[in-house]
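Worksheet for the structure shown next.
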Amino acid sequence: MIDQPSMTDDELQQLETECAARHAAFCKAGLALDLTRGKPATDQLDLANHLDGALQGDYRSEDGTDTRNYGGLRGIPEARRLGSILLDVPAEQVLAGGNSSLTLMYLFVETAHLFGLGDAGPWRDDPAGAPRILCPVPGYDRHFALCEQLGIEMVNVTMLDTGPDMDAVEAAVRDDPRIRGIWCVPKYANPTGCVYDDATVARFANLPKLAAPGFRILWDNAYTVHDLSPQPPRLASLWKLAAEAGTADGAVIFGSTSKISFAGAGVAFMAASDKVLGAFEARLGALMIGPDKVNQLRHSRLFPDVEAIRGHMQRHAAIIRPKFDAVQQALAQGLADTGFATWTRPEGGYFVSVDTLPGMARDVIRLAAEAGVKLTPAGSTYPYGRDPEDRNIRLAPTFPPLADVRRAMEVFINCVRLAGARTIRQRQPIPEHRR
Ligand SMILES: Cc1ncc(COP(=O)(O)O)c(C=O)c1O
């Protein structure tokens with residue numbers, strides 16, 4: 001909850017005048033800054049440059065496969081083991097794919113919708129009606145774009161500090177047979193940074209029991225090792241709990257090395273039960289003869305075990321932590337006493353989520369653009385681009401250099417203060433002596 005600002009009209013007017021003057025100066029400064037996409041910075045990518053040359057002419061995987069050749073839809077054993085570390089799932093359940101987990105997610109949802117996945121028929125033929133997917137909000141825009149493109153209706157669920165509002169999730173799944181799945185980013189959620197607590201993960205493991213057949217938890221664990229703090233929070237294992245609950249067919253887990261090695265040339269993973277993985281593989285086999293196993297082998301040589309991954313991620317954290325600190329410092333110094341916004345303090349991942357007072361986000365983003373600071377478009381953290389209260393703004397500080405993050409935050413804070421003062425003044429009844 002945001003405390004309502006307690007400034008008098010005179011104070012608000014003065015704030016608006018000061019911020020408008022600063023804004024005009026920023027607009028003249030010719031800035032070109034960007035806090036939009038969560039991309040790794042160049043020096044982060046450099047950390048994995050030794051992928052190049054890692055093989056030194058030895059293309060054989062541990063089972064003797066010549067990785068240069070066709071075949072091996074599930075990936076080479078050592079890559080599946082790397083996936084098993086990242087997804088917290090036994091290696092036998094892991095498929096190691098190409099460079100994008102988003103592609104695997106798209107293909108998975110499309111397969112469930114159009115073809116069915118072993119234990120259930122296609123969603124599109126279900127007599128209950130056209131499928132719906134629950135979307136914890138704010139959430140990841142590309143999950144939403146994927147559903148929109150496939151014509152799958154999205155239903156918002158509120159995110160709490162502990163994860164999605166599980167009372168609402170369970171009620172929706174129980175009451176509406178058209179609900180066929182739910183998107184989850186369980187660790188350092190995009191954009192709030194939330195880590196689902198143990199009780200939430202346990203409730204997820206039991207969720208398929210409440211749902212219609214063919215219900216899938218789409219567990220996108222994209223930020224599983226992307227810790228900023230040396231004592232990171234721990235995420236309970238959905239796979240282990242689902243296996244114990246007998247619901248493993250309903251749990252599908254995704255991840256990749258995109259923000260570990262090269263964002264455009266990593267390895268993506270997916271884990272599912274034998275039945276579901278087999279059905280998915282049958283579809284995949286019509287699309288390709290095998291993934292890029294050479295890249296899988298390079299990654300397996302670079303990241304042979306947990307320690308190698310942990311050490312590497314600490315080097316990432318050393319680069320991006322100062323940027324996250326700069327964002328937090330700017331927010332605390334610039335907004336703490338205004339009541340214009342609240343924000344998250346993530347311990348990992350790639351984003352900070354800011355909630356303004358209702359009806360302000362669009363204005364803030366427009367003002368920032370005027371001053372040369374690109375922010376993620378208003379509404380993008382909600383299905384169909386519709387933020388019902390026009391409040392949420394996603395900040396992505398990893399890519400720009402630290403000095404640019406600081407400068408962009410100065411502009412951003414000024415925009416929130418300016419829009420905040422205007423918003424409150426427009427809403428306040430005009431005092432008698434000013435009428
Ligand atoms: C939650 C989430 N999932 C997936 C992705 C993309 O993953 P990949 O590069 O493996 O396709 C991102 C990238 O921003 C993300 O934030």
Point to revise | Charge tally in the Cβ shell below 12 Å around residue 194, where Lys, Arg are +1 and Asp, Glu are -1, residue 194 excluded | key: -2
Revision key, fill the gap. Of the candidates 163, 201, 183, the farthest towards the positive dipole end of region 156-203 (Lys/Arg Cβ +1, Asp/Glu Cβ -1, centred on the Cα centre) is 183
Review point. Leaving out same-chain residues fewer than 8 places away, which aspartates and glutamates sit with a Cα under 14 Å from that of residue 187?
Key: 88, 161, 197, 198, 220, 227, 347
Practice item. Enumerate the lysines that residue 28 could reach by cross-link, defined here as Cα to Cα under 17 Å, with residues fewer than 8 away along the same chain left out. Key: 374
Revision key, fill the gap. Trypsin sites (Lys or Arg not before Pro) in region 137-218 lying in a DSSP loop, each with at most 13 other Cβ atoms within 10 Å of its Cβ, come to none
Review point. What does the charge add up to near residue 75, with Lys and Arg as +1, Asp and Glu as -1, over the other residues with Cβ less than 14 Å from its Cβ?
Key: -1
Review point. Summing +1 for each Lys or Arg and -1 for each Asp or Glu, what net charge is found among the other residues whose Cβ lies under 13 Å from the Cβ of residue 167?
Key: -1
Check your understanding: How long is region 350-435 along each principal axis, judged by its Cα atoms, biggest number first, in Å?
Key -> 50, 32, 19
**Study point:** Above-threshold pairs, the threshold being 28 Å between Cα atoms, out of 259/293; 209/275; 293/323
**Key:** 293/323
**Study point:** Structure-based [θ]222 nm, the chain - -39500 (n - 2.57) summed over DSSP H runs of at least 4, per residue, nearest 500
**Key:** -13500 deg cm²/dmol
Point to revise | Long-range Cα-Cα pairs in the chain (distance over 33 Å), rounded percent | key: 39 percent
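Given the chain, what percent of its DSSP beta bridges are antiparallel, to the nearest 5? If you can, show how the numbers build up before the last one.
On the way: 18 of 37 bridges.
So the antiparallel bridges in the chain amount to around 50 percent.
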Check your understanding: In region 61-110, which GluC sites (Glu not before Pro) are in a loop and have at most 15 other Cβ atoms within 10 Å, using DSSP for the loop call?
Key -> 62
**Study point:** Part-to-part distance (alpha-carbon centres) for region 28-44 and region 289-350, which is given in Å
**Key:** 16 Å
Review point. Using the Cα atoms as the points, what is the convex hull volume per residue of region 327-395 in Å³?
Key: 93 Å³
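Laboratory data are not the source of any read-out in this text; all were calculated from the coordinates shown. Not measured: the values here are computed from a predicted model. Note: ideal-geometry Cβ built from the backbone for every residue, glycine included; neighbour counts use all protein chains shown.
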